[in-house]
1. What ³J(HN,Hα) values, in whole Hz, does the Karplus curve 6.51 cos²θ - 1.76 cosθ + 1.60 give for the stretch 156-166 when θ = phi - 60°, with x put for Gly and Pro?
2. By how many nm would the segment from Asp154 to Asn228 lengthen if fully extended, with 0.36 nm per residue of separation less the alpha-carbon distance?
3. Label the stretch 104-234 by shape, choosing from rounded, prolate and oblate, from the square roots a ≥ b ≥ c of the eigenvalues of the Cα gyration tensor; if a/c is under 1.5 it is rounded, and otherwise prolate applies when a/b is larger than b/c, oblate when it is not.
4. Which net charge results when you count Lys and Arg as +1 and Asp and Glu as -1 among the other residues whose beta-carbon is under 13 Å from that of Gly165?
5. Going by Cα centres, the stretch 83-105 and the stretch 134-151 are how many Å apart?
6. At 7 Å along the Cα-to-beta-carbon direction for both Phe322 and Glu62, put a label point, then send me their distance in nm to one decimal.
7. How far, in nm, would the chain grow between Trp90 and Ile313 when pulled straight, counting 0.36 nm per residue and subtracting the alpha carbon separation?
8. Please report, to one decimal in angstroms, the Kirkwood hydrodynamic radius of the chain built from all distinct Cα-Cα pairs.
Amino acid sequence: MMIVAAAVLFYPDTAYAQDNRSKTPAYLTIGGFIDGQYTLDADQNTFFVRRARLSISGDVTEHLEYKLQTEMAGGVRMIDAFVKCKFCNWLNLELGQFKTPFTLESQYILLNKEGIDYAQAINRLSGYNDPLPGNRTNGRDIGVMVYGGLMKLDGGYSLLNYNVGVFNGSGINRKDDNLTKDIIARLDVHPFLKDLVLSASLIRGTYADAGNPDAANNRYSFGGEYKNDALTIRSEYVRADIETGGELLTTDGYYLVAGWWLPLESSFRLRPVQRYDRLNSAGTSSVLYMAGLDCWPLSHLRLQAGYTICTEIPSATPHHLFQAMASVKF
């Protein structure tokens, strides 16, 4: 597999690659990516394979789409397994295991996002490094969702986009742990400008806490993004009110990220990225200031580096984090 991926990456026009593509059915696309990371801080000085994913997807018909994706780094597990039934612009159906529609930033895979990591509030409250029990990783869950766009405009986009789903609320590869379901919804508004989106989302759910099978798990977010071919600016506020041990614990946070592709006269793409990121929980705050570079020297190869100053409040002593990542997609 690594040899085949390298051949596709560096010799896309070879007879082998053309012949291989000609034998692939129109409804079958095989792809994936590998993320190799280096991390240096006070506690770590290590190389590791952060992700190694393989996916199979395709359009069975004009109205039927599917995807299967597995993660092989740290043990093989299923990430995505869903089917989309696409009826029309304003009504579509998705069912299986897939990303929940909570928050804007969580909809990005890290391969297409500005920085190496998600913001703290996204990691903590959108199902990546969640405080609740279960297999709450990768921002995904099992359920069914309707989605679509309303009031399509001349620019080929909709004034309103909606997502409303019913989910187990227990994370990936896991049955529901109680008798209720989580409702997760997001509404995106493009105020007559394709590059600008204003977004709000919510989770209304429960989970099985010790002695309480229906402890509250309620979350919401709001924010916006401006994105075109050169500039990306995005900010969100995320809050969770979670019942634990009979008490309601509030965690909230916000971030602001910006990146700008430099106008280079070549296929080489480079952009500086900056992010301010704060998470508040249990009377303490974690504040991160990140500056980094995002580079695509080839269409299948991405290189990233980021330096972060991390401050814990009320502690006054900051610590420092350096990360670098090389990603190959195929």
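We did not get these values from a lab; they are worked out from the coordinates using the rules stated. Only a predicted model underlies this, so the values are computations on that prediction, with no experimental measurement involved. We place every Cβ from the backbone using ideal geometry, glycine too, and count neighbours over all the protein chains shown.
1. x, 10, 9, 5, 10, 10, 10, 9, 9, x, 10
2. Working: separation 74, 0.36 × 74 = 26.64 nm, distance 1.75 nm.
Between Asp154 and Asn228, full extension yields 24.9 nm more.
3. Numbers: a/c = 2.59, a/b = 1.70, b/c = 1.52.
Note, shape of the stretch 104-234 comes out prolate.
4. Numbers: positive: Lys84, Lys99, Arg140, Lys181, Arg186, Arg204; negative: Glu94, Asp141, Asp182.
Residues close to Gly165 contribute a combined charge of +3.
5. The stretch 83-105 and the stretch 134-151 have Cα centres separated by 6 Å.
6. 5.6 nm
7. Numbers: separation 223, 0.36 × 223 = 80.28 nm, distance 4.57 nm.
75.7 nm is the gain from fully extending Trp90 to Ile313.
8. Values: mean 1/r = 0.0464 Å⁻¹.
21.5 Å is the Kirkwood radius here.
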